[in-house]
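Below: one structure, written as structure tokens.
The values are calculated or read from the model by the stated rules, or taken from the named source; none is laboratory data. Since we're looking at a predicted model, the values are computed, not measured. Heads up, the Cβs are rebuilt from the backbone with ideal geometry, glycines too, and the neighbour counts pull from every protein chain shown. Quick note on the areas: whole protein, heavy atoms, side chains included, nothing else; ligands and nucleic acids left out. Shrake-Rupley method; radii C 1.70, N 1.55, O 1.52, S 1.80 Å.
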Amino acid sequence: MLAYDNAYSEFTFGDYVAPSIFEVADIKKDAVIEFHSLSKTFCMTGDRIGFAVGHADAVRGLGKAKENIDSGVPVYIQKTAEIALRSYRDSRKPKEVQAVADEYSKRADALVSALNAIGLRANKPKGTFYVWVNIKHTRMGCMEFAKKAIVEGVAITPGTAFGEYGHGYMRFAVTQPTDRIKEAVERLGKIVSG
Ligand SMILES: Cc1ncc(COP(=O)(O)O)c(C=O)c1O
């Protein structure tokens, strides 16, 4: 089975639409299951609710496994999630979801331009609330960079937290308002300029 985690599909910028795994040509549809979380799309982090889409046998199998390892999501949360999902009336994002995506887009713009201004080369991604930044030219490893940032009161995830290919990269999150993002990057200026 290929389990595809598409938690950020709704937080895309401009005209970009995040594809579903089921759009991949020639995919063996009965061997794929796609997961979504309401944590991001509806800011329901902590409510522990999401959904899976796929071949009936795969979804049934998932249900059987879940039934035996946990006790399910409280009914009032399920009802809330139902109302949230019903706000999708067609293929467009509901205005509440669009507003959150627009806010992340603005914050990503602010972060990218602030990082470039202090000499860190950053590009805006097509979506999500993360910006990955290559810091190899600073000659600091990502753990060293993360530690120095913490001393300045800024938390950034070192790329190696995600595996060996994360070496030389930092993952910034735009989960704080724009003024806080600008302040954080200002503090990082000290680290980058030595
Ligand atoms: C890619 C990705 N998938 C899933 C999750 C977790 O979602 P949930 O809150 O539903 O466990 C996260 C949370 O950070 C995520 O980044």
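Here is how the numbers come out for the structure above:
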read-out: 222 nm mean residue ellipticity, helices alone, for the chain (DSSP H n ≥ 4; -39,500 (n - 2.57); rounded to 500); value: -12500 deg cm²/dmol
read-out: Cα pair distances in region 2-86, grouped into 5 Å bins until the bin that holds the longest one, percent each; value: 3, 12, 20, 22, 21, 14, 6, 2, 0
read-out: Close Lys-Lys pairs in region 1-97, where close means Cα under 21 Å and separation is 8 or more or interchain; value: 7
read-out: Among L62, L85, L115: highest mean-square fluctuation, GNM of the chain, C-alpha pairs under 10 Å; value: L62
read-out: Net charge contributed by nearby residues that have their C-beta within less than 12 Å of N116 (K/R +1, D/E -1); value: +1
read-out: Amide H partners (placed H, <5 Å) of G50, local residues excluded; value: L38
read-out: Rg over Rh [alpha-carbon atoms, Kirkwood Rh] for region 101-194; value: 0.93
read-out: Within region 50-76, backbone nitrogen closer than 16 Å to the virtual label 7 Å beyond the Cα of V24 toward Cβ; value: 53-55
read-out: Virtual paramagnetic centre 7 Å along Cα→Cβ of M143, amide N under 18 Å, in region 160-174; value: 160-171
read-out: Residue-normalised accessible area of region 95-192, expressed per residue, 1.4 Å probe, Å²; value: 56 Å²
read-out: Residues Y16 and R89, FRET efficiency given R0 of 25 Å [Cβ-Cβ distance, rounded to 0.05]; value: 0.75
read-out: For the chain: relative contact order, % (alpha-carbon pairs under 8 angstrom, 6 or more apart); value: 18 percent
read-out: Gaussian network model of the chain, springs between alpha carbon atoms under 10 Å - residue of T41, T157, T80 with greatest fluctuation; value: T80
read-out: Choice from A99, A25, A161 showing the highest fluctuation, given a GNM over the chain with Cα pairs closer than 10 Å; value: A25
read-out: Distribution of pairwise C-alpha distances over the chain, 5 Å bins, in %; value: 1, 7, 12, 16, 15, 15, 13, 10, 7, 4, 1, 0
read-out: Accessible-area composition of region 33-180, carbon plus sulfur, in percent [1.4 Å probe]; value: 55 percent
read-out: Part-to-part distance (alpha-carbon centres) for region 44-103 and region 176-194, which is given in Å; value: 35 Å
